[in-house]
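Student: Let me give you the structure first, and then I'll get to my questions.
The values are calculated or read from the model by the stated rules, or taken from the named source; none is laboratory data. Keep in mind that this is a model prediction, so the values were computed, not measured. Quick reminder, even Gly has a Cβ in these numbers, built from the backbone with ideal geometry, and neighbours come from all protein chains shown.
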Amino acid sequence: MNTNQSANQTSNASKHSAGQFFSRCYQVFTASLKARLLTSAIFVVLIVLPIIGITLNQAFEAQLKNAIKKELTAYSYSILAVAEVDANQLLMPEQLLENQFNVIQSGLYALFSDYQANNKLDLNGESKASEGVVWRSSSLLGLELPEQLAQPKLAENSFALVELDNQAHFIFSITINFADNLQDLPLTLHIIRSQQEYLASLQEFKQTLWLWLAVLMLLLLVSQVLWLLWTLKPLKVLKQELADVEQGRTDELKAQYPSELQQVTGQVNTLLATEQSQRKRYRNALSDLAHSLKTPLAVIQSQSDLSTNAKEQLSTINQMIEHQLKRAQSAGQSSWHLGTEIAPVLTKLANTFKKLHATSAKQLLTELGDGLIFKGDEADLMEILGNLIDNAFKAANSQVNVSIFIKQRYLEIHVEDDGPGIDQDQKTLILERGTRVDTYKQGHGIGLAIVRDLVDSYQGELDIARSSLGGAHFMLTFPNY
């Protein structure tokens, strides 16, 4: 019982694995237009053409057999034309018109058998062909006759295979009734021919057919691939232009596309232009708003008769306005088409912080992969890195590490310091969505709130852990596909 269960489990596991394999194959071949077109082309070339080849081969083989049957039929008529019956005995000339019947073991043979004798069954229920032979051609000398010979009915014929000298031969049999002095003499004429020429012709045709089919398959595959590349070239150009737009190298799609794609590319260009215009107007409006709000606040804060409590509240309002304005100014997901090189931004920030902390013993070490692109706005990237590095410098004792790299199609940013780290309670507050800015402790205030909101706007993730240096370790992950 346990053995049967184990066998069933193994069978089910195999079926499941096979199902998963075919499912993955289907997903791979349907994931792209190129894969679909290539699959259909391969199907036509590698499946349809061989089927055509098999069909042609079978048709040729049938036609060749039909031609041989007609040829043997013609030989039978030539022999029947010279056959005579006298005193109920078959008389045949010593030499036949077709010389192959006169040459020993030539491959073409003829014989007459007694129709009535061959239709008598022996004790085993079988007729003896050799006992009923009336006449045989000279070409059959030295050969043992087959055990069984076809005996078609009177005025009928048959075409089949028979083994002669341990080799397969074609045999055409026809039964004729010879009448002599009103006495019937039914005889069956058998024309036997070797398959050697037939097999040689068939083999030659097969070789020629499959050779040319192979050449045709190769030419079709090459032409299909070239046709596929030519047909999908506009899509490849579109993909490259979209990548250029995404990485900030261009602002619109400029290539000439087929009519089927012109409407799509035109709408994309309209979307890009509209989004850029709206974002510019939005930022200009926010800049004016910031200026309008900060000036009255600065005037109020400059009043000497303000209480300490009022000054604290005005400072909090000023921080909140700054935070909300920076959050609103973030390009976020609307900047899907922008791309910012990380190296120049990180280099600029590193030089700035090294100058600011030149008198301290704190070091900034950076590690950056080649050609990394942040798929977002440069100001947002500057804000994220600037706030994280600034907080790390404030908390660090002597060292700050920044490393940025690609891992499994995700952009990862790591900022570490060797300071005291962040308490678990404060870490929870920082990572909690919807937390107010003023709930953060001094030292990790509005800057981390801005970082958290910017990361969320790019569908990224922010995590805080204990660094190997002993302090805080900020880990940011952004989709990079």
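Student: Conditions: (1) modelled with pLDDT of 90 or more; (2) in contact with an Asp or Glu (Cβ under 9 Å, 6 or more places away or on another chain); (3) in a strand (DSSP E or B). Phe205 meets all but one. Number of the miss?
Tutor: With respect to (1) modelled with pLDDT of 90 or more; (2) in contact with an Asp or Glu (Cβ under 9 Å, 6 or more places away or on another chain); (3) in a strand (DSSP E or B), Phe205 is out only on (3).
Student: Here's something else I'd like to know. Report whether or not Lys34 is assigned to a helix (DSSP H, G or I), of a type in the set (D, E, K, R) and over 30 Å from Asp165 (Cβ atoms).
Tutor: On the way: assigned to a helix (DSSP H, G or I): yes; of a type in the set (D, E, K, R): yes; over 30 Å from Asp165 (Cβ atoms): yes.
It is true that Lys34 is assigned to a helix (DSSP H, G or I), of a type in the set (D, E, K, R) and over 30 Å from Asp165 (Cβ atoms).
Student: Within segment 135-164, work out how many residues are charged (D, E, K, R) and surrounded by 14 or more Cβ atoms within 10 Å (Cβ to Cβ).
Tutor: Residues in segment 135-164 being charged (D, E, K, R) and surrounded by 14 or more Cβ atoms within 10 Å (Cβ to Cβ): 1 in total.
Student: How many residues are of a type in the set (A, V, I, L, M, F, W, C) and surrounded by fewer than 17 Cβ atoms within 10 Å (Cβ to Cβ) when one looks only at segment 356-378?
Tutor: 5
Student: Does segment 76-86 contain any residue that is farther than 30 Å from Val215 by Cβ, touching a residue at least 60 places away in the same chain (Cβ under 8 Å) and surrounded by fewer than 12 Cβ atoms within 10 Å (Cβ to Cβ)?
Tutor: Scanning segment 76-86, I find at least one residue that is farther than 30 Å from Val215 by Cβ, touching a residue at least 60 places away in the same chain (Cβ under 8 Å) and surrounded by fewer than 12 Cβ atoms within 10 Å (Cβ to Cβ), so the answer is yes.
Student: Scanning segment 243-275 for residues that are within 28 Å of Thr39 (Cα to Cα) and touching a residue at least 24 places away in the same chain (Cβ under 8 Å), which turns out surrounded by the most Cβ atoms within 10 Å (Cβ to Cβ)?
Tutor: Restricting to residues being within 28 Å of Thr39 (Cα to Cα) and touching a residue at least 24 places away in the same chain (Cβ under 8 Å), the top hit is Thr265.
Student: Further question: Taking the condition of being more than 17 Å from Leu72 (Cα to Cα) and surrounded by 12 or more Cβ atoms within 10 Å (Cβ to Cβ), how many residues in segment 91-102 meet it?
Tutor: Qualifying residue count, segment 91-102: 1.
Student: Being modelled with pLDDT of 85 or more and under 13 Å from Leu111 (Cα atoms) is the filter here; which residues of segment 127-144 pass it?
Tutor: Correct list: Val133, Val134, Trp135, Arg136, Ser137, Ser138, Ser139, Leu140, Leu141, Leu143, Glu144.
Student: Out of (1) at pLDDT below 90; (2) touching a strand residue (DSSP E or B) at 6+ places or on another chain (Cβ under 9 Å), what's the single condition that is false for Phe43?
Tutor: (2)
Student: Would you please name the residue that is surrounded by the most Cβ atoms within 10 Å (Cβ to Cβ), looking only at residues in segment 281-316 that are at pLDDT below 70 and basic (Lys, Arg)?
Tutor: If we take residues in segment 281-316 being at pLDDT below 70 and basic (Lys, Arg), then Arg283 is surrounded by the most Cβ atoms within 10 Å (Cβ to Cβ).
Student: Out of all the residues in segment 157-169, which are in a strand (DSSP E or B) and farther than 19 Å from Ala74 by Cβ?
Tutor: Step one: of segment 157-169, the residues in a strand (DSSP E or B) are 157-164, 167-169.
Listed by number, the residues that qualify are Leu161, Val162, Glu163, Leu164, Gln167, Ala168.
Student: Given (1) in contact with a Ser or Thr (Cβ under 9 Å, 6 or more places away or on another chain); (2) at pLDDT 85 or above; (3) not hydroxyl-bearing (Ser, Thr, Tyr), identify the lone condition not met by Asn391.
Tutor: So the condition that Asn391 fails would be (1).
Student: Would you confirm whether or not segment 208-225 contains a residue that is assigned to a strand (DSSP E or B) and in contact (Cβ under 8 Å) with a residue 60 or more places away in the chain?
Tutor: Scanning segment 208-225 turns up no residue that is assigned to a strand (DSSP E or B) and in contact (Cβ under 8 Å) with a residue 60 or more places away in the chain.
Student: Give the residue that is farthest from Gln100 (Cα to Cα), with candidates limited to residues of segment 139-178 that are touching a Leu at 6+ places or on another chain (Cβ under 8 Å) and of a type in the set (S, T, N, Q).
Tutor: Across segment 139-178, the extreme among qualifying residues is Asn177.
Student: I've got another one for you. How many residues are crowded, with 16+ Cβ neighbours inside 10 Å and assigned to a helix (DSSP H, G or I) if we restrict to segment 170-200?
Tutor: Adding up the residues that qualify gives 1.
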